[in-house]
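What follows is a set of notes on a single structure, which appears directly below.
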């Protein structure tokens, strides 16, 4: 795997300026080599400090194999109008973390919008851990170039593995999160108890959380309303924030029983991703947990439907309408491009599938994330989508009544679109039943159907 080089103009520091602790976060990459996004005060320094530490902790943790060495990657920060969002993935790509700091928790100036990496080094983590509550805290995300030009000797260069899995993970998480619904909204007491009681050991297999009048408890025999939490210990980065928690919102896929999926018996539920949004005063910490501890978001395949469904020209037009919005509204995109809302919604979903927008569960809306890659780059990372396009180009897809036949290799498979889930008669679908996204035959049929309905 190739290395990506982060070039910071100076290391991130926590220092004392005019009697106030000041967090100076160095930036690398984005619209500019070292962008400057924000300067000002944060209202609750302890929450911000501990929230940043939690995001950084996830970035350097390998939950699937804790004993294996993991090269830490620096978190990504996005400045959206009046919101700062810090994001990371675990080294195993099975946990996504984000800290949102809203305008009510900030008192300062947003200089620009965009996305960049931030240096969270060991001295920085040590200093953040020592920040106490109740004292003013300044924060600068990036620094004025005129200032850093005078300290050129402080340039810091880091080489890390090219985060291709992060690129794919950002795309997968936005699609997975957009399909979730709010399951529970716990008050502070119940939220703190749930986080405090998380097990410390790595459990085998999936667990489900059952919510009731007596609180929350884990179970191995899930009901239709229970939330899958594979590896509850993967939420432990949030425990440092327990004293500040005001609530906990839990999100999951709609409570539909998946029967007989992937070779399971007729009463067994499929493991699914879940999202845990910890609420503070003016800030939120979000953790999205993959369906199983050995499954990373980079290989789930949830993005494939969105990439296949949208018109490429419309997607490119929608991308031109992105300028750092904290809410990307499909109706606004539709009006700007003079297209119908369905086409605009598909385009926004496709931008999410390319990682260009993220999904905010609390607001039920997308936000612009200005990562430096485009939709075509992501498609090149999706072998199933490439294989589907080859089937279409070869004329392997034909209508078969209300279904589609797809000639692939020495066999011809029948594909049925529509309903809750597209189906195929191929062995791959029989094994996964939609848990890992559509097979190449379903994708090929979707591509042909979309082309014929234009």
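Can you figure out the FRET efficiency of residue 402 with residue 341, using R₀ = 30 Å and their beta-carbon distance, to the nearest 0.05? Could you put the intermediate results ahead of the total?
Values: r = 26 Å, r/R0 = 0.88.
With R0 = 30 Å, the Cβ-Cβ based efficiency is 0.70.
Between residue 387 and residue 82, full extension at 0.36 nm per residue minus the direct alpha carbon distance yields a gain of 105.6 nm.
To the nearest 0.05, what FRET efficiency results for residue 135 and residue 217 with a Förster distance of 56 Å applied to their C-beta separation? Efficiency computed from Cβ-Cβ geometry: 0.90. The order of 384, 85, going from fewest to most other C-beta atoms within 10 Å of their C-beta, is 384, 85.
Among 366, 251, the ranking by other beta carbons within 10 Å of each residue's beta carbon, starting with the fewest, stands as 251, 366. Note on residue 103 and residue 157: the extension gain reaches 16.3 nm, defined as 0.36 nm multiplied by sequence separation minus the Cα-Cα distance.
If I take R0 = 56 Å and measure r between the Cβ atoms of residue 431 and residue 111 in this structure, what FRET efficiency does the formula 1/(1 + (r/R0)^6) give, to the nearest 0.05? It comes out at approximately 0.65.
Coordinate-derived values only; no laboratory data. In this text the structure is predicted, and so the values were computed from the model without any measurement. With ideal geometry, Cβ positions are generated from the backbone for all residues, glycine too; neighbour counts draw on all protein chains shown.
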